[in-house]
Amino acid sequence: MAKRNAMDYEVFTPSTGKTAYEAPKPPASPPAKPALKPVSKTGEQLKQEALDKVEVSGSAWLDKARQVARDIAQRTGKVTADDVIEQVGLPPNYKTAGAIFRYGFRRVGYTKSTRPSNHARLLSVWALEN
């Protein structure tokens with residue numbers, strides 16, 4: 001039997017029926033992380049590009065939603081995405097709702113969403129631009 005060190009551990013080999021002591025194996029190296037791609041655009045640029053795509057793909061729903069948003073804002077002085085969705089329903093693509101207030105509105109505050117599916121997340125409160 002091999003001399004045992006404090007760091008060795010017992011290993012039973014079923015094929016031979018014998019027990020031996022072995023030094024622990026070093027841990028395997030973690031896999032190399034892939035290199036990050038260099039960022040050539042800012043977050044704001046990427047956001048504007050996404051909103052441009054939404055303007056085209058969701059234009060019918062977006063036109064209706066913007067009209068409803070303007071009507072609510074004129075009547076009450078403020079409007080949220082929840083207010084609009086309550087009247088026109090959900091957009092065909094959830095990203096489309098982000099473009100409702102892109103033109104003609106200014107953010108005037110924040111409030112919690114009243115839609116249960118939003119888990120009380122913060123929503124922007126909007127007013128018409130003067």
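The values are calculated or read from the model by the stated rules, or taken from the named source; none is laboratory data. Everything quoted here is computed from the prediction, not taken from an experiment. Cβ sites come from the backbone with ideal geometry, for glycine too, and all protein chains shown count toward neighbours.
Identify all residues within the stretch 1-49 that are among the aliphatic types (A, V, I, L, M) and either loosely packed, with under 11 Cβ neighbours inside 10 Å or modelled with pLDDT under 80 (or both); write none if there are none. Explain how you work it out, then say what you get.
As a first pass, look at the stretch 1-49 and keep what is among the aliphatic types (A, V, I, L, M): 1-2, 6-7, 11, 20, 23, 28, 32, 35-36, 39, 46.
Result: MET1, ALA2, ALA6, MET7, VAL11, ALA20, ALA23, ALA28, ALA32, ALA35, LEU36, VAL39.
Considering only residues in the stretch 81-109 that are in a strand (DSSP E or B) and either among the hydrophobic types (A, V, I, L, M, F, W, C) or under 21 Å from the mean Cα position of the chain (by Cα) (or both), the one that is farthest from GLN67 (Cα to Cα) turns out to be VAL108. Residues in the stretch 61-96 that are under 21 Å from GLU49 (Cβ atoms) and without any contact (Cβ under 8 Å) to a residue 24 or more places away in the chain were compared, and the one that is surrounded by the most Cβ atoms within 10 Å (Cβ to Cβ) is ASP63.
Collect the residues in the stretch 110-121 that are outside any loop (DSSP other than H, G, I, E, B) and loosely packed, with under 12 Cβ neighbours inside 10 Å, keeping them in residue-number order.
From the stretch 110-121, those outside any loop (DSSP other than H, G, I, E, B) are 110-112, 116-118; that's our starting set.
Once the filter is applied, which keeps residues that are outside any loop (DSSP other than H, G, I, E, B) and loosely packed, with under 12 Cβ neighbours inside 10 Å, the stretch 110-121 yields TYR110, PRO116, SER117.
When the stretch 97-108 is filtered for residues that are surrounded by 12 or more Cβ atoms within 10 Å (Cβ to Cβ) and either among the charged types (D, E, K, R) or farther than 19 Å from ALA50 by Cβ (or both), the ones remaining, listed by number, are ARG102, GLY104, VAL108.
Do we find that GLU55 is part of a helix (DSSP H, G or I), modelled with pLDDT under 95 and surrounded by fewer than 11 Cβ atoms within 10 Å (Cβ to Cβ) in this structure?
Criteria not met by GLU55.
The sole residue among ALA120, ALA81, ALA73, ALA99 that is touching a Leu at 6+ places or on another chain (Cβ under 9 Å) and either over 26 Å from LEU46 (Cα atoms) or charged (D, E, K, R) (or both) is ALA73.
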